[in-house]
Amino acid sequence: GLEEAVELGFFKLLARPLLAGLRWIHDNIVSNYGWAIILMTLAIRIVLFPLNHKRVVSMQRMQKVNPKIQAIRQKYRSKLKDKQGRPNPEMQRKQNEEIMALYKKEGVNPAGGCLPLLLQIPVLFAFYSLLSTAIELRHAPWLGWIQDLSAPDPFLVLPIVMGATQFLQQKLTPSAADPTQRRIFMLMPIFFTILFLGFPSGLVLYWLTNNVLGIGN
């Protein structure tokens, strides 16, 4: 029961098997936790491949119906406000109903592109908890200037490269039909880059590898 002395946080149900997997890869395949993280990321990517494939298909369908959605928005553009500039709830309701009817007719789920990313967020936090507490990764080097996978990159190279790969991945992904959703997706690489500047190098390496594998798909 001594393993209970290590508190892996709220996501310990995910963190424990991830740590066990890293240990097994480290002991049986490659004696470097940096490469073990990369191989673990590849394994996670393979497991999530059906969901990621579904996400791409959903985004492609959204791209196809986008002209029809824009036509509906254009149709109601002049009707969404009255002469005094106040919102017209009735016209907004009709526009939304027409768009939802189009989604249903075309078999498109507007939220389908977000599900795989949301499923990866618990894995991200589990890795963060693991890399912050697991003694195995304290001062564990990867290569070059990365001499401690539990500490941030001292030269910020990994988070910047990670942000660049996420931006490239976003550009290669079929764009969503909803303009607000498109803007959010395009801002995500900037947000993640800033967020990851102070994160452990091992966690950034995981997300970077995940992005590279996504681009390769």
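The values are calculated or read from the model by the stated rules, or taken from the named source; none is laboratory data. What you are looking at is a predicted structure, and each value in this text was computed from that prediction instead of being measured. FYI the Cβ positions are ideal-geometry reconstructions off the backbone, even for glycines, and counts take in every protein chain you see. In case anyone asks, the SASA skips ligands and DNA or RNA and just uses the protein heavy atoms, side chains included. Shrake-Rupley method; radii C 1.70, N 1.55, O 1.52, S 1.80 Å.
One line per residue, one yes/no per condition, for (1) open to solvent by 40 Å² or more (accessible area, probe 1.4 Å); (2) among the acidic types (D, E); (3) under 25 Å from P200 (Cα atoms); (4) at pLDDT 85 or above:
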site	(1), (2), (3), (4)
P89	yes, no, no, yes
E98	yes, yes, no, yes
T133	yes, no, yes, no
Q147	yes, no, yes, yes
S175	yes, no, no, no
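Pairs needed: first member in segment 90-101, in contact (Cβ under 8 Å) with a residue 24 or more places away in the chain and on the phi > 0 side of the Ramachandran plot; second member anywhere, surrounded by 12 or more Cβ atoms within 10 Å (Cβ to Cβ) and assigned to a helix (DSSP H, G or I); C-beta distance under 7 Å; at least 6 residues apart or different chains.
Cβ pairs passing all conditions: none.
Working carefully through the options I37, I46, find the one that is of a type outside the set (D, E), buried (at least 17 other Cβ atoms within 10 Å of the Cβ) and under 30 Å from L143 (Cβ atoms).
Step by step, each of I37, I46 is checked, and only I37 is of a type outside the set (D, E), buried (at least 17 other Cβ atoms within 10 Å of the Cβ) and under 30 Å from L143 (Cβ atoms).
The rows are residues; the columns are (1) surrounded by fewer than 16 Cβ atoms within 10 Å (Cβ to Cβ); (2) of a type in the set (V, I, T).
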{"position": "F11", "(1), (2)": "no, no"}
{"position": "L14", "(1), (2)": "no, no"}
{"position": "A20", "(1), (2)": "yes, no"}
{"position": "S58", "(1), (2)": "no, no"}
{"position": "V65", "(1), (2)": "no, yes"}
{"position": "S78", "(1), (2)": "yes, no"}
{"position": "K94", "(1), (2)": "no, no"}
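Any chance you could count how many residues in segment 136-162 are over 19 Å from L18 (Cα atoms) and not β-branched (V, I, T)?
Total meeting the criteria: 12.
So, in segment 104-150, how many residues would count as being under 24 Å from the mean Cα position of the chain (by Cα) and either in a helix (DSSP H, G or I) or farther than 16 Å from V56 by Cα (or both)?
Residues meeting the conditions: 25.
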